[in-house]
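The values are calculated or read from the model by the stated rules, or taken from the named source; none is laboratory data. Quick caveat: nothing in here was measured; it's all calculated off a predicted structure. Note: ideal-geometry Cβ built from the backbone for every residue, glycine included; neighbour counts use all protein chains shown.
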Amino acid sequence: MSSTSSHMGLRFLSTLSHPRKNLLMGFSSLSPTTAIAKMRTIRTAPSCRWVGCQLNSNDSSSKRSQLGTVYSTNSNGKFSNKQFISVDPRLYEYILSNVREPEILGQLREETASMHGSQMQVSPDQAQLLAMLVQILGAKRCIEVGVYTGYSSLAVALVLPESGRLVACERDAKCLEVAKRFYDRAGVSHKVDVRHGLAEDTLKSLIANGEACSYDFAFIDAEKRMYEKYFELLLQLVRVGGLIVIDNVLWFGKVADPMVNDQKTESIRRLNKKIMEDDRVGISMVPIGDGMTICQKR
């Protein structure tokens, strides 16, 4: 494994304890049916999060490529004869080796890796996508709901113009201290308006202050059971043509497993269904990291 990709790590494996990581790493050599069966077996373990999703149980419908596995959907499915590739550890290593990660972001990522809840940090390829979306939009005013230690917000702040503003909402004071230290180190603290407290209260205060429809971009990566509330508030704050990006919409594959019905999973399922049917936004669900949905306000 290259030094770059080994330092970045494999985010989708980071929530598993070491014995289960080793078990999952061996799945790439198995047939899809066998791998799915094994993943279902270990799913019930307390520290394990299911990352598998069975779309076609017919072994002959998939074929090994040099990197990843290429699957074909069932001919009777919604998208017949369409092929797609799964991202296994080797392929994800290659993806990470093609990420342009600024040095300051790498330093923050490495410091965060030793902290509690480090799996909450977005992956380098996700942060790169967020920064590019901000640049494509020509965004000047942004909001982030759920900062953690600031990796994604720093990625956004780095590409904002000098006059840009990012409202960063986070309730964990300890995490915010790390984020603020790196904003200072990167020379972008003047662009970041840090709001310590409940994000719902912050968003409501922005609306009350007459800032509706004045933001270009928003990113949600916070309490999953509050996602619908955040989405509705941000729809009021983001301008027509602006973007709302939502993280964790695949939730480690749990959203596709009817056997999983915990509150967080159900909340994400409801939001995904709501957005799918919401003609106020254009949408694209992207299988990057733990899944991101990009919504453009109409």
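Checking the structure you have, find out if any residue of the range 103-122 is in contact with a strand residue (DSSP E or B) (Cβ under 9 Å, 6 or more places away or on another chain) and surrounded by 17 or more Cβ atoms within 10 Å (Cβ to Cβ). Give the derivation first.
First pass over the range 103-122, keeping only residues in contact with a strand residue (DSSP E or B) (Cβ under 9 Å, 6 or more places away or on another chain): 122.
So of that shortlist, the ones also surrounded by 17 or more Cβ atoms within 10 Å (Cβ to Cβ) come out as 122.
The answer is yes, given that some residue of the range 103-122 is in contact with a strand residue (DSSP E or B) (Cβ under 9 Å, 6 or more places away or on another chain) and surrounded by 17 or more Cβ atoms within 10 Å (Cβ to Cβ).
I need the full set of residues from the range 157-190 which are touching a strand residue (DSSP E or B) at 6+ places or on another chain (Cβ under 6 Å) and under 24 Å from residue 242 (Cα atoms), in order please.
157, 165, 166, 167, 168, 169
If I ask for residues that are surrounded by fewer than 20 Cβ atoms within 10 Å (Cβ to Cβ), under 23 Å from residue 87 (Cβ atoms) and of a type outside the set (Val, Ile, Thr), which ones from the range 277-290 would you list? Spell out the reasoning first.
Going through the range 277-290, the residues surrounded by fewer than 20 Cβ atoms within 10 Å (Cβ to Cβ) turn out to be 277-288.
Narrowing further to those that are under 23 Å from residue 87 (Cβ atoms): 283-288.
Hits for the range 277-290 are 284, 285, 287.
Residue by residue through the range 153-179, note down the ones that are within 25 Å of residue 209 (Cα to Cα), part of a helix (DSSP H, G or I) and not hydroxyl-bearing (Ser, Thr, Tyr). Talk me through it step by step, then tell me what you get.
Residues of the range 153-179 that are within 25 Å of residue 209 (Cα to Cα), as a first pass: 153, 156-157, 160-173, 176.
Cutting the leftovers down to part of a helix (DSSP H, G or I) gives us 153, 156-157, 173, 176.
Matches in the range 153-179: 156, 157, 173, 176.
Inside the range 180-201, can you point out the residues that are over 22 Å from residue 106 (Cα atoms), assigned to a helix (DSSP H, G or I) and out of contact with any helix residue (DSSP H, G or I) (no Cβ under 9 Å at 6 or more places or on another chain)?
Pass one, the range 180-201, residues over 22 Å from residue 106 (Cα atoms): 193, 195-201.
Adding the requirement that they be assigned to a helix (DSSP H, G or I) leaves 199-201.
Scanning the range 180-201 gives a single hit, 201.
Hey, can you tell me all the residues within the range 89-104 that are without any contact (Cβ under 8 Å) to a residue 24 or more places away in the chain and of a type outside the set (D, E, K, R)? Lay out the reasoning, then the answer.
Our first condition is that a residue be without any contact (Cβ under 8 Å) to a residue 24 or more places away in the chain; within the range 89-104, this holds for 98, 103.
Selection gives 98 alone.
Could you grab the pairs with beta carbons closer than 6 Å, sequence gap of 6+ or different chains, first residue in the range 209-236 and surrounded by 17 or more Cβ atoms within 10 Å (Cβ to Cβ), second one in a strand (DSSP E or B) and modelled with pLDDT under 95?
Final answer for the pair search is none.
Counting only residues that are part of a helix (DSSP H, G or I) and without any contact (Cβ under 8 Å) to a residue 60 or more places away in the chain, how many does the range 252-269 have?
Residues of the range 252-269 part of a helix (DSSP H, G or I): 252-256, 263-269.
Checking which are without any contact (Cβ under 8 Å) to a residue 60 or more places away in the chain leaves us with 255, 263-269.
Residues flagged as part of a helix (DSSP H, G or I) and without any contact (Cβ under 8 Å) to a residue 60 or more places away in the chain within the range 252-269 amount to 8.
If residue 249 passes every condition in (1) in a loop (DSSP other than H, G, I, E, B); (2) exposed (fewer than 15 other Cβ atoms within 10 Å of the Cβ); (3) in contact with a Ser or Thr (Cβ under 7 Å, 6 or more places away or on another chain); (4) not acidic (Asp, Glu) but one, which one does it miss?
Of (1) in a loop (DSSP other than H, G, I, E, B); (2) exposed (fewer than 15 other Cβ atoms within 10 Å of the Cβ); (3) in contact with a Ser or Thr (Cβ under 7 Å, 6 or more places away or on another chain); (4) not acidic (Asp, Glu), only one is false for residue 249: (2).
Can we say residue 211 is of a type in the set (D, E, K, R) and part of a helix (DSSP H, G or I)? It would help to see each step written out before you state the result.
Numbers: of a type in the set (D, E, K, R): yes; part of a helix (DSSP H, G or I): no.
No; evaluated as a whole, the condition is false for this residue.
Would you check which residues across the range 284-298 are under 14 Å from residue 217 (Cα atoms), over 9 Å from the mean Cα position of the chain (by Cα) and assigned to a strand (DSSP E or B) and list them?
Looking only at the range 284-298, we keep the residues that are under 14 Å from residue 217 (Cα atoms), and these are 293-298.
Going one step further and asking which of them are over 9 Å from the mean Cα position of the chain (by Cα), we end up with 294-298.
Correct list: 294, 295, 296, 297.
Say whether the condition of being under 24 Å from residue 200 (Cβ atoms), touching a strand residue (DSSP E or B) at 6+ places or on another chain (Cβ under 8 Å) and in a strand (DSSP E or B) is met by at least one residue in the range 144-152. Don't jump to the end; show me each part of the working.
The initial filter retains those residues of the range 144-152 that are under 24 Å from residue 200 (Cβ atoms), namely 144-152.
If we keep only those that are touching a strand residue (DSSP E or B) at 6+ places or on another chain (Cβ under 8 Å) too, we end up with 144-148, 150, 152.
Now narrow it down to the ones that are in a strand (DSSP E or B): 144-145.
Yes: one or more hits.
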